[in-house]
Amino acid sequence: MTTLRSKFFKLNRLILFLALTATVLTFANSFYSNYEVQKEQLIKQSIEVNRAYASKLADTTEVFIASSKQQLVYAASSLFDKMDDEEYLQAEANRLKFQTDSFNSVVISDATGLTQAASPETLDLVGRQLKSAGSLEAIEEKKLLVSHPYLSTLKNLIVFLSAPVFDFSGNYLGFLGGSIYLKSPNILSEILGEHHYKNGSYIYVIDQDKQILYHPEKNRIGSFLAENDGVDEILKQKEGGMSLTNSRGVKMLAGYSTIPSTGWVVVTQSPMESTLTPLIGIMEKVILRTLPMALAVFLFIWLFARAISRPLQELAEKAGALDSPTVNEEIEGIDSWYVESLGLKKAMLSGVKLVQNQIGELKRDAETDPLTGANNRRAFQLKLKQLTLLEMPFSVLALDIDYFKRINDNYGHSVGDDVLKQQTKILNRFCRDGDMVARTGGEEFVLLLKETTADDAFLIAERLRIAISEEAFDVVGNITVSIGVAAWFVESGLTVAETLSLADHALYEAKGQGRNRSIIADKDI
């Protein structure tokens, strides 16, 4: 079975399989990534278009409301001495009603809510006491206002705009008001109805109570949105865009904007499905343009696989005939243009392994402190050179055991050696992958932290200092250390030697300030 498998799994077949798999996976990943990017762009673009359009409608509606208020204020200012002139009041009400389509009806009331004039006259309101929510609000507030939407006695959903009438002494005489029937034609409905509803997109307006004030389906005007997962967020954010699911379960892309004077929110929505329809055509073009390149890459890899496998096959054949007296010449004659061969591995495995083991032992001996197992100064210098060549920033913690000489004098050098070994274990606990612990002197150690700022290194130094001070050492009990911190990065303008010198100066400063502390090096030290 093993023989059959080895004959079938030839290198050229394996490389060809790898090439085919890599090409297919790369193509699939590229297609998927392109699809997701294009999809995200289309969604963002549609949301932004809807937001901009909603903002434009909100601004236009705000202008209309401001204009309507201005009409009422101007007209109300001329009524202070005409409140007893029924003919003038009626003429003014008719003018406001029929001069523009701003209002569906206009009323003029005295301070008690008794109607003095109304237009159209078919409403038959003159002489009647007004009890609608908008009228009562106007009498109570006595200021220019836009009422909350409410249902009239005739079941019309109404927004009432009113302006107070005062005499020269500031006495309240009544109000002039215009009603906008949200379910009837007027300038407001024309403004919001300009949108051409294509591909299922539409506009609606809601107030802060989630009541629909405008909708292309008029039977929905006056209802409340209770099953729309995005309405709360829309009312909270006031302006922006988002994806949501509407009350009918359709995924929509919405843009929204708030009308400042009323707090109403204009929402423009379009179905996500229609937004993503162009994506099919885009992806077809991507496939047609990518497929020839994918085939070309596959053909190149297939040819390259054959070129790779040929010398390896020849070397494998020669590896089975190492006892031949001419094998050296035959191997020399093989065009091995890259370093790889199963036959060479089999023929040289034992020798290479022995050499590598010897080199590894020599390397460890050359770079390791024999007492503590930490890296020595040589390994530390090589690590610094590697980091500086890569321009990788690092921090250095120069550490020295406080009063170490007393330990050797009082307990002997063997106890001092045990302290150094135990401290090395603590240092290793603070070492991440790629960091280094090195012994650079008798009781002097360095902790090298790659890609670490001076501030972060100082925090590590403090944790390390506290950990050592809380560690129980056999015979000795507790010890303390002083630590100097310095950081190197390309932009600092410092050499590595200067950085190490700064760390040493900071260490001496820590000892000078009483020991058992960490200090960050200062360039001015």
Cβ pairs under 6 Å, 6+ apart, first in the stretch 488-501 and part of a strand (DSSP E or B), second surrounded by 16 or more Cβ atoms within 10 Å (Cβ to Cβ) and polar (S, T, N, Q): TRP488/THR499
Residue among VAL485, VAL475 that is surrounded by fewer than 20 Cβ atoms within 10 Å (Cβ to Cβ) and over 30 Å from the mean Cα position of the chain (by Cα): VAL475
Within the stretch 105-126, considering residues that are touching a residue at least 60 places away in the same chain (Cβ under 8 Å) and buried (at least 22 other Cβ atoms within 10 Å of the Cβ), the one farthest from ALA75 (Cα to Cα): SER105
Where a residue in the stretch 395-411 is over 17 Å from GLU509 (Cα atoms) and its partner, wherever it lies, is among the acidic types (Asp, Glu), with Cβ under 7 Å and at least six apart: PHE404/GLU443
Residue match in the stretch 230-240 (condition: out of contact with any helix residue (DSSP H, G or I) (no Cβ under 7 Å at 6 or more places or on another chain), of a type in the set (Lys, Arg) and outside the structural domain of ASP110 (by TED's automatic domain parsing)): yes
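Output the residues belonging to the stretch 127-149 that are in contact (Cβ under 8 Å) with a residue 40 or more places away in the chain and either farther than 14 Å from PHE175 by Cβ or crowded, with 17+ Cβ neighbours inside 10 Å (or both). Give the derivation first.
The initial filter retains those residues of the stretch 127-149 that are in contact (Cβ under 8 Å) with a residue 40 or more places away in the chain, namely 134-135, 144, 146, 148-149.
Result: GLY134, SER135, VAL146, HIS148, PRO149.
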Residue check for VAL73: part of a helix (DSSP H, G or I) and among the β-branched types (Val, Ile, Thr): yes
Odd one out for VAL205, checked against (1) in contact with a Phe, Trp or Tyr (Cβ under 6 Å, 6 or more places away or on another chain); (2) closer than 20 Å to VAL267 by Cβ; (3) surrounded by fewer than 17 Cβ atoms within 10 Å (Cβ to Cβ): (3)
Some residue of the stretch 454-465 being loosely packed, with under 14 Cβ neighbours inside 10 Å and not in a helix (DSSP H, G or I): no
Meets criteria (in contact (Cβ under 8 Å) with a residue 40 or more places away in the chain and either at positive phi or aliphatic (A, V, I, L, M) (or both)) for LEU89: no
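The values are calculated or read from the model by the stated rules, or taken from the named source; none is laboratory data. Computed from a predicted model, the values in this text were never measured in an experiment. We place every Cβ from the backbone using ideal geometry, glycine too, and count neighbours over all the protein chains shown.
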